[in-house]
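*Asks:* Supplied in structure tokens, the structure appears directly below.
No lab work stands behind these numbers, since they all come straight from the coordinates. Fair warning: this is a prediction, and the values are worked out from it, not measured in the lab. Cβ coordinates were reconstructed from backbone atoms using ideal geometry, including for glycine residues, and neighbour counts include every protein chain displayed.
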2 protein chains.
Amino acid sequence: MLARALERCARRRAREAISRASRDARASTRASSSSSRAGTSNGEPAAPVVRTPIPGPASRRAVEALSAHADVGSIRYFVDVDASRGNYVVDADGNAVLDLYAHIASLPVGYNHEKMLAAMRDEANVGILAHRPALGNNPPIGWDDRVARTLMRVAPKGLTRATTMACGACANEHAMKAVFISAANARRGGREISEEEKVSCLTNQAPGSPGFKVLSFDGAFHGRTAACLSLTHTKWIHKLDFPTFDWPSCPFPKLKYPLDKFERENAEEEARCLAEVEKALTRDRDVVAVIVEPMQAEGGDNHASADFFRKLRALTKRENVRMIVDEVQTGCGSSGTFWAHEAWGLEHPPDIVTFSKKMQIAGFYAAADLAPELPYRIFNTWMGDPAKLIQLEVVLDCIEEHHLLDVVKSAGETLLNGLRELQEKYPSILANARGVGTLVAIDCDTSARRDALLHALLQKGVDIGGCGSATIRARPGLLFTSAHAGVFLERFERVLAAEM
Amino acid sequence: MLARALERCARRRAREAISRASRDARASTRASSSSSRAGTSNGEPAAPVVRTPIPGPASRRAVEALSAHADVGSIRYFVDVDASRGNYVVDADGNAVLDLYAHIASLPVGYNHEKMLAAMRDEANVGILAHRPALGNNPPIGWDDRVARTLMRVAPKGLTRATTMACGACANEHAMKAVFISAANARRGGREISEEEKVSCLTNQAPGSPGFKVLSFDGAFHGRTAACLSLTHTKWIHKLDFPTFDWPSCPFPKLKYPLDKFERENAEEEARCLAEVEKALTRDRDVVAVIVEPMQAEGGDNHASADFFRKLRALTKRENVRMIVDEVQTGCGSSGTFWAHEAWGLEHPPDIVTFSKKMQIAGFYAAADLAPELPYRIFNTWMGDPAKLIQLEVVLDCIEEHHLLDVVKSAGETLLNGLRELQEKYPSILANARGVGTLVAIDCDTSARRDALLHALLQKGVDIGGCGSATIRARPGLLFTSAHAGVFLERFERVLAAEM
């Protein structure tokens, strides 16, 4: 119902969006003042400046040099970090590009934010920056306070414990381990760990190494280490040739847009997917958790309704399996709420929420009943890096002081309305504009078209990425405003016009 | 032969070691001058200063505070990073402790090394410190030079390519993926990737998700993510309840000490283990790689001879499987050579060498024929962190300028000779003193004794860790000198005397 009302409202406003967008683009010379209200560092350019093809000769030379000793096939261009400002990345050739790619959605408050630079220059932080401690053994004094001030300040409701790691894959790997320990304890039903369990696990044999499984969704992406890869079902390039666990997956809803036109079909589609999950859980009692992204990002920006997630949560509760919400890409504000799952109105919180990317540090929040009883069960040498909590504190301060969740909502609305108008204007090219916060996407008619549009946009000074097979998705930082959205939309319309 | 000669020589010198050690301890008031020759920052205390039980009340309060939202069972004490100097860690209670634990062997050049602090304060590095880029997509300008100046400057002979990651587990996970791609390509024999492969891998099924295996050794530790855990065979606490791949392991040599007394037995033991590896490789053609530590660290500081590793390399070559050397703990100088495997005199280099810990950044070196043909095969969002290469460069500069490999050799010799003398003096408690560089260890008669000695040493201001079931192992940083070894040996003798 809410979705339908929003769609109707959005539709009315869509007609005004493009004209507003070009107004915004014209107003982008004034963007630095509006950006600075949103906490952008001074000196952000008023508009993209393109001097060379991108990547230009300097980036190409650097790629060539690096190719002598590293894989370079995925490098897009080299970044002049010091010259970049706010939402504008400056590349090695001096091109200033509006950045809706943002280091695979991991750049939280743009380039050279004055608070971030100040934190790095703060003499009080030099000791933390210069030493990477074994946090699980010998944390620096103040670590307890720092965790309270940062990770616990934004802990998802109902999740009282945090474990830090160095990257999103390790966050998911260790989150699953917390679930496995809990499931095994439940099976043991209070009895002591047996000698047979202790011995058999050392050679990867049951009962010590059990056949526990985690259920994921078709199209999901949860990382690239072995257990994470077993949950990932995006593209063959991510998975081919790698041994994985034979863990099950279920269909993720394929919603039809606009949502208000397909309300019944979409509800049926979600019910079909939930029925598949229920079947999988009852069929195989080794499945001890379900992992889900609030929005399948890498898989193509696939959304489901809050109702779907509420029912999924109810189902996992009923079947007594854990629910892990992977907020590696959706967390830290981009959805317009700090955690995307906040918007679902869950009766029971998820058991675990994992994070990384814009949080700068990775890890997972867990319910109190998932805390391992024994030490060294969830552990590694570094367990993240306290230097990243210094950065996280800056990010959280910026979000609060500059009301960045409001900025995200407003920028996201401009983006989405603008894309809706463009898809009405170019229906042979664009469809299915969708999104939440600035996590906004639109589908192209073909994969080749998508790639051509992304390339053309980059040459016009806008960096935006793709996902799924033919989707363009915006993934800007938290300082991205409606004015920036206007710059993007205006250039997007130009490259679309050139396609016709 | 070399081993026997070294043993004889060591034995002769062992008699002098303890007396030299106490001389060194007395001379430790002069340690700051000798330390400063070795590049230690000024201000290192002359000897441990113990004010409270360790952990003291301030550490205990911090543990209590943190326990509200994190697992704290593995925390030893909190560190006052700013007060710590060189080889002396200062804890939250102001105790200055000689650090042979060094953040699980990951602290390279001690605390507050002036060059490390200078690098963190260098305005030229602020941009790198303040932004964690997606290195695989958009590295910062200069990244190519920085990789050349750091990682490639110390690349193992024959390995021309480096891939960076954020931690040791991810290093091993992705190193294995490089091997799997190569093995699958070999099986395809030049034909195109089939549709069946592309589709089947998405649901974790063969042929796209193959049954490839990696062979490891009993007692090995290679990390705690799923594929790494499948290679780890140390303690049940690391593995119990976690699903793993049913990959094979073979016995690692259990050498008898002193080596010169058990030359024949040890040779037979190594031949037995190699025969088991050969059997495992010929029995199962899905085994496409062998992974081995130059010294099994977590597993109990278990060594094998250079001859064993040469024969293992020859065997992997003959059976056409890859050899991965896990130098996460042994790399970066602690063995007295930069990479421990340098001491083996291999005819063919390993296919892959993985690293982390003292290198500050993690990752793997690989032979050129292991470079994936396609992009995005070995990839994740961050692929490490360029801030850590700034630190690595400081470490490598220190090693060169202060000849730290020589310092390591000399300190290691003092350590080992001192431990040999102590085991002669306390034969009912100590046995099997062994080591290479400062990677030195000794076994206690029981696990309880080991734990009691470690605790007593900590109360005397020396932090040293355990491994295996009853082993004490030194794992200091690269600035640890013979004088520091003397301080440790002198206090170790005091706690041993108190045990009698």
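*Asks:* Of all the Cα-Cα pairs you can form in segment A:185-259, what percent are over 20 Å apart? Display every interim value, and only then the final one.
*Replies:* Working: 1409 of 2775 pairs.
The answer is 51 percent, as a whole percent.
*Asks:* Here's something else I'd like to know. Between segment A:227-284 and segment B:119-148, what is the C-alpha centre distance in whole Å?
*Replies:* 38
*Asks:* When Rg is the radius of gyration of the Cα atoms in segment B:51-190 and Rh is its Kirkwood radius, what does Rg/Rh come to?
*Replies:* 1.08
*Asks:* Something else now. How big, on average over all directions, is the shadow cast by the Cα convex hull of segment A:358-500, in nm²?
*Replies:* Details: hull surface 46.5 nm².
Here the figure is 11.6 nm², rounded to one decimal.
*Asks:* What are the DSSP H helices in chain A that stretch 15 Å or more along their long axis, judged by alpha-carbon atoms, and whose average Kyte-Doolittle hydropathy comes to at least 0.0? List each step's numbers first, then the result.
*Replies:* Numbers: long enough: A:2-26 (34 Å, -1.02); A:168-188 (30 Å, 0.03); A:263-283 (30 Å, -1.17); A:306-319 (20 Å, -0.87); A:386-401 (23 Å, 0.63); A:404-425 (31 Å, -0.12); A:447-459 (18 Å, 0.05); A:482-499 (25 Å, 0.27).
Length and hydropathy pass: A:168-188, A:386-401, A:447-459, A:482-499.
*Asks:* Grab the alpha carbons of segment B:427-498, take their convex hull, and tell me the volume per residue in Å³.
*Replies:* Details: hull volume 6.1 nm³, N = 72.
Taking only Cα atoms, segment B:427-498 has a hull volume of 85 Å³ per residue.
*Asks:* So, one more: Nearest-5 percent of antiparallel DSSP beta bridges in the protein assembly as shown? Don't skip to the end; give the middle numbers.
*Replies:* Details: 58 of 88 bridges.
So the antiparallel bridges amount to about 65 percent of the total.
*Asks:* Report Rg (one decimal) and Dmax (nearest whole number) for segment B:113-223, counting Cα atoms only, units Å.
*Replies:* In order Rg, Dmax, the Cα atoms of segment B:113-223 give 19.5, 58 Å.
*Asks:* Step through the residues of segment A:473-479 one at a time and calculate ³J(HN,Hα) from phi using the Karplus curve (6.51 cos²θ - 1.76 cosθ + 1.60, θ = phi - 60°), rounding each to whole Hz and writing x for Gly and Pro.
*Replies:* 9, 7, 9, x, x, 7, 9
*Asks:* Moving to a separate point now. Which value, in Å³ per residue, describes the convex hull spanned by the Cα atoms of segment A:140-384?
*Replies:* Numbers: hull volume 34.0 nm³, N = 245.
Dividing the Cα hull volume of segment A:140-384 by its residues yields 139 Å³.
*Asks:* So, one more: Restricting to bridges with both residues inside segment A:140-384, how much of the DSSP beta-bridge set is antiparallel, in percent to the nearest 5? It would help to have the intermediate numbers written out before the result.
*Replies:* Details: 11 of 23 bridges.
Taking every DSSP beta bridge with both residues in segment A:140-384, the antiparallel ones total about 50 percent.
*Asks:* Mind giving me the FRET efficiency for residue B:160 and residue A:310? R0 is 56 Å, r the Cβ-Cβ distance, nearest 0.05 is fine.
*Replies:* Details: r = 53 Å, r/R0 = 0.96.
For residue B:160 and residue A:310, the calculated efficiency is 0.55.
*Asks:* Which distances in nm, rounded to one decimal and ordered from shortest, link the label point of residue B:264 to the equivalent label points in the other identical copies, with labels set 7 Å from Cα toward Cβ?
*Replies:* Spacings between copies for this position, smallest first, are 9.0 nm.
*Asks:* Based on C-alpha coordinates, I'd like the Rg and Dmax of the protein assembly as shown, in Å.
*Replies:* According to the Cα coordinates of the protein assembly as shown, Rg and Dmax are 28.4, 92 Å.
*Asks:* What are the principal axis extents of the Cα atoms in segment B:238-288, in Å, biggest first?
*Replies:* The Cα atoms of segment B:238-288 stretch 42, 29, 11 Å along the principal axes, largest first.
*Asks:* Search the structure for amide H atoms under 5 Å from the amide H of residue B:167, placed 1.01 Å from N in the peptide plane, and list their residues when 5 or more places away or on another chain.
*Replies:* Counting only residues 5 or more places away or on other chains, the set is B:362.
*Asks:* Hey, what do the phi angles of segment A:369-374 turn into as Karplus ³J(HN,Hα) couplings, whole Hz, using 6.51/-1.76/1.60 and θ = phi - 60°, x for Gly and Pro?
*Replies:* Karplus-based 3J(HN,Hα) across segment A:369-374 equals 6, 9, 5, x, 6, 9 Hz.
*Asks:* A follow-up question, please. Can you list the distances in nanometres, one decimal and ascending, from the residue B:207 label point to the identical position in each other copy, with the point 7 Å along Cα to Cβ?
*Replies:* 4.0
*Asks:* Something else now. 222 nm [θ] for the protein assembly as shown, helices only, -39500 (n - 2.57) per DSSP H run of 4+, per residue, to 500?
*Replies:* Values: 34 runs with 410 residues, N = 1000.
-12500 deg cm²/dmol, from helical runs alone.
*Asks:* Please list, ordered by chain and number, the residues whose modelled amide H lies under 5 Å from the amide H of residue A:471; skip anything fewer than 5 residues away on the same chain.
*Replies:* The list, which skips near neighbours in sequence, is A:444.
*Asks:* Of A:213/A:317; B:235/B:357; A:256/A:317; A:235/B:239, which sit over 24 Å apart, Cα to Cα?
*Replies:* Values: A:213/A:317 17 Å; B:235/B:357 21 Å; A:256/A:317 28 Å; A:235/B:239 30 Å.
Violating the 24 Å limit, Cα to Cα: A:256/A:317; A:235/B:239.
*Asks:* Here is a further query. Under a crude label model (7 Å from the Cα following the beta-carbon direction), how far is residue B:237 from residue B:68 in nanometres?
*Replies:* 2.7
*Asks:* Give, rounded to the nearest 20 debye, the magnitude of the charge dipole that the protein assembly as shown has about its Cα centre when Lys and Arg contribute +1 at Cβ and Asp and Glu contribute -1 at Cβ.
*Replies:* Dipole size: approximately 60 debye.
*Asks:* Using a label position 7 Å from Cα in the Cα→Cβ direction, what is the ascending list of nm distances from residue B:375 to the same site in the other copies?
*Replies:* 4.6
*Asks:* Moving on. For segment A:378-426, what is the convex hull (Cα atoms) projected area averaged across all directions, in square nanometres? Please list the in-between numbers first.
*Replies:* Numbers: hull surface 24.9 nm².
Spelled out: convex hull of the Cα atoms, projected over all directions, averaged, 6.2 nm².
*Asks:* What is the set of long-range amide H partners of residue A:215 at a cut-off below 5 Å, with H atoms built 1.01 Å from backbone N?
*Replies:* Answer set, sorted by chain and number: A:288, A:289, A:290, A:291.
*Asks:* Ordered by residue, what ³J(HN,Hα) values in Hz, to whole numbers, does segment A:84-92 give under the Karplus form 6.51 cos²θ - 1.76 cosθ + 1.60, where θ = phi - 60° and Gly and Pro are x?
*Replies:* Rounded to whole hertz, the list is 6, 9, x, 8, 9, 8, 9, 8, 4.
*Asks:* If you don't mind, there's one more thing I want to ask. Taking N as the number of residues in chain A, what is its Cα Rg relative to 2.2 N^0.38 Å?
*Replies:* On the way: Rg = 23.1 Å, N = 500, 2.2 N^0.38 = 23.3 Å.
After normalising by residue count via 2.2 N^0.38 Å, the value is 0.99.
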